[in-house]
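Encoded as structure tokens, the structure appears first; notes follow it.
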Amino acid sequence: MNAPAQHPPAIRTTCPYCGVGCGIIAKPDMQGGAIIAGDPRHPANLGRLCSKGTALGETLGLENRLLRPMLREADGNLAPVTWESALDRVANGFAQTIAQHGPDAIAFYLSGQLLTEDYYVANKLMKGFIGSPNVDTNSRLCMASSVAGHRRAFGADTVPGVYEDLDIADLIILVGSNAAWCHPVLYQRIVANKHSRGSRIVVIDPRRTATAEDADLFLPIAPGMDSVLFAGLLVYLAETTALDYSYIDAHTLGFTNALVRAREIAPDIEVTAARAGLSASDVSRFFQWFAATSNVVTCFSQGVNQSAQGTDKVTSIINCHLATGRIGKPGMGPFSLTGQPRIVRREGLKAVQMFDAIERGKIKALWVMGTNPAVSLPRARAVRDSLSKLDLFVISDNVISNDTIDAGAQILLPACAWGEKDGTVTNSERRISRQRPFLKAPGEVKSDWWIVTQVARRMGFGEDFAYRTVADVFREHAALSAFENAGTRDFDIGALSQLDDDEFNALDPVQWPAREGMAGTTTRFFGDGQFFTADRKARFIACAKPALSADVSQHFPLRLNTGRVRDQWHTMTRSGQSPRLANHSPEPFVEIHPADAANAGLTDGAFARVSSSYGTCVLKVVVTDSQKRGSLFAPIHWNDKTASEARVGDLVMPANDPYSGQPEAKATPVSVEPVSFAYRGFLLARALPMMPPGAWWARVAVANGQGLLFASNEPPGTWRKRAAALLGARETAEFFDEPRGIYRVAAFADGRFMGCLFLGKAGTIPQWDSIKTIFEGEALSEPERRAMLSGKSTKGIADPGPLVCACFGVGLNVIRAALASGRAASVEQIGVALRAGTNCGSCLPELKRIVGDDRVAQTA
């Protein structure tokens, strides 16, 4: 008698997405996947997960995985090679580049998805042994301005506070941060504080995002004018004697110059309001609240960082906290919602400069690790084109194809993905957590640190890269942090340098600093007024007068603001695999104010061509008064693998902050014009089809297959001719009404529903949600088949409607049905009846609007 199969134990690990650093419990399902839940013991999230974290189990498949080393041959095709051959080619290629052009002709471009140990080994090889400073990461596009601002003020890239401060602050200011969508676990702590303690929330953003729904004061600031507002606040604090002069005198330098400059920028409330595009009464209220409240936390994110004056924006916020002594103490301080450690000895090329140097032929060899710069960098198309100039182009990643790889990568090295990785990550409150493997690495996949180590050994540096395990790397990194460091540097985890392998494997989340003789608990920095400058005093900085990098013009009269949507991450390499996450915002879009839409001849749900000096995109139009007049918003996620003309990085101008090197992603001058398509449709298939030229399309993850939403000017008869090839099946049933412009076809194989194509005249896509639900289940009865093709509704075809709650898969129609039936009458009751809104909370603003609309409808 066979013994029952032993299920693997649940593994405590850490989410791979944002800087919140949520703990996760992953339980392998013995089929290559895992059941994902929040870790109630992890102090960052206490069991909560956002929609992306909740759906991680749907992203563990091997579709599009790079499973063995590959070499691009002369004909342009990729062919598998051995690890020995691939590593030899990389090492020999770097050695040859150094011999011919010197070490500065080599660059590494790393990813925020790497683990700390991967970063450490890559930096050690590049800076310590190759001898080039040209190492940068995609974090340059995320939080480099925060790094530069902290260094100028504090002498080190140090986040002073901890997450607990969000629980006990009495005033929480969110600047350029849609935390309700981008950091929902932290945002729910902020909202809980508001409900339990009565704290106030101020949101400062050009867009009225979901975060503004809970705000006590929303300030729709003009693009780029954040430092005007905080300069005005500094002046107000001085004029109303709300400054802490004893703190300023004892612990800072440069205050007088900073105040003089602030008065030049924003001398009074009226001028501040006018320059910031706000009402004087709202500005006055904000200033009064800040002055009268001791426990103030100012959170800032990409709306501040992603700017050609991002460092000054960060500095203007820090100046106000230093001037009032509100830093390093419980419930107060400036708080960057993203943050990663960085080790630099001499200045190398920053991200945008690095790819400019490739374009100019100065950099000859590039190693990209785990990121997709041909999508995410400004002038993305030019970046992609420049990669063909490299003598050596190496990529280590876990996917076999993306925009950067397809730009001509010569050597592909298969790296571990989340679930297979082993090492540590550090979150925004300086908490180090273990990322533990719970899946076996497939194929010939290896860890990033191992790959770099093997190249280093082949270049002759083996004695200094003799690591056996990731714990060896961690111990060396920890010991180095304590070397000649008696509290003079912020980063110190020397107390962890003696962990043995078992202790490292069992390491619980720990905050740094973790020095010998001290416990690494919720330690705040700067509470004693001591900073990391030579004289231990913080610096006030006189910020430059704010001005956007490029003016609007007759040809480009609007400004483009880029950012994220609720349920996707970066270029969708991971999150784009999840059917659950695909449902909320399935198509690339551009938001526009109603007045601007009318002027441009655009209507909601139609299409627009957005153009800048650098490129164009075609995006679906969303008309909303949440968007500030004169500005557009488009998300960054789509690329050549997921849509036809939606790589928004093509539009973004290459202006950079002079201190941080972070590009301006929030204010590119653009134009917008209508694009007409006569027909809209969707296609569902078991394998991804190749769409014909001329069609606009967006790929949508669906269970058990592939989905495409598309638009076209070709008539139904043309699509009828190509339907069988697109669906990959011989047995079909169809409905064709040429005069009305309707075509529907379904494909079957041995009774199994293999796919369908629906096409109709421009307007709403017919039955997308309901047909997708049937396709995912694969079963289709004869009555359902007839009803589906005829377009008639039937009880057998459920239509959940557009997704609202991604965590529990609850659609708009299901919510409205619960409200109509009396099962629910409030957001709280919807949570009880349907669970919607009870996990990460990022759908709560939308639920409030739905309930509000229902009440309006009942009283109309």
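Laid out as a table, the results:
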read-out: Region 373-425, accessible surface, carbon-and-sulfur percent (1.4 angstrom probe); value: 44
read-out: Cα gyration tensor shape of region 344-457, rounded if a/c is under 1.5, else prolate or oblate by comparing a/b with b/c; value: prolate
read-out: Region 395-536 - charge dipole about Cα centre, Lys and Arg +1 at Cβ, Asp and Glu -1, debye rounded to 20; value: 140
read-out: Carbon + sulfur, % of accessible area of region 202-286 - ligands and nucleic acids excluded, 1.4 Å; value: 49
read-out: Cβ-Cβ FRET estimate between Q96 and D406, R0 fixed at 22 Å, reported to 0.05; value: 0.30
read-out: Protein accessible area in region 102-186, 1.4 Å probe - carbon and sulfur %; value: 55
read-out: Probe 1.4 Å - accessible area at D535, Å² to nearest ten; value: 70
read-out: Whole-Hz ³J(HN,Hα) from phi, Karplus 6.51 cos²θ - 1.76 cosθ + 1.60, for region 738-746, glycine and proline x; value: 5, x, 8, x, 10, 9, 9, 9, 10
read-out: Among I172, V162, S146 - extreme Cα towards positive end, dipole of region 117-268, charges at beta-carbon; value: S146
read-out: S279 versus A595: modelled label distance in nm, points set 7 Å from Cα along the beta carbon direction; value: 1.5
read-out: Loop sites in region 446-525: GluC sites (Glu not before Pro), DSSP, at most 11 other Cβ within 10 Å; value: E484, E516
read-out: Region 49-147 - percent relative contact order, Cα under 8 Å, separation 6 or more; value: 18
read-out: Contact order normalised by residue count of the chain, Cα under 8 Å, 6+ apart, percent; value: 14
read-out: Solvent exposure of the chain as accessible area per residue, Å², 1.4 Å probe; value: 37
read-out: Neighbourhood charge, 13 Å Cβ-Cβ cut-off, centred on R207 and excluding it, Lys, Arg +1 and Asp, Glu -1; value: +2
read-out: Total formal charge among the other residues, if their Cβ is under 14 angstrom from that of P43, Lys/Arg +1 and Asp/Glu -1; value: +1
read-out: Structure-derived Rg and Dmax of the Cα atoms in Å: which label, when the choices are (i) 27.2, 85; (ii) 34.4, 111; (iii) 29.5, 99; value: (i)
read-out: Computed helical MRE - 222 nm, the chain, DSSP H runs ≥ 4 contributing -39500 (n - 2.57), nearest 500; value: -8500 deg cm²/dmol
read-out: Gyration tensor verdict on region 24-142 (Cα atoms; rounded if a/c is under 1.5, prolate if a/b is larger than b/c, oblate otherwise); value: oblate
read-out: Debye, to nearest 20: dipole size of region 144-291, +1 on Lys, Arg Cβ, -1 on Asp, Glu Cβ; value: 260
read-out: Sequence-distant residues sharing a close amide H with S631 (under 5 Å, placed H); value: R559, H593
read-out: Pairwise FRET efficiency - R489 versus N257, Cβ, R0 = 30 Å, nearest 0.05; value: 0.65
read-out: Net charge dipole size for the chain [Lys, Arg +1 and Asp, Glu -1 on Cβ; Debye, nearest 20]; value: 900
read-out: Spin-label model distance (nm) - F736 vs T523, 7 Å beyond Cα toward Cβ; value: 7.4
read-out: Global form of region 434-491, assessed from the alpha-carbon gyration tensor, a/c cut-off 1.5; value: oblate
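The values are calculated or read from the model by the stated rules, or taken from the named source; none is laboratory data. Please read these numbers as outputs of a predicted model, since none were measured by experiment. Here Cβ is always computed from backbone atoms with ideal geometry, including for glycine, and neighbour counts include all displayed protein chains. What goes into the accessible areas is simple: the full protein's heavy atoms, side chains included, and nothing from ligands, DNA or RNA. Shrake-Rupley method; radii C 1.70, N 1.55, O 1.52, S 1.80 Å.
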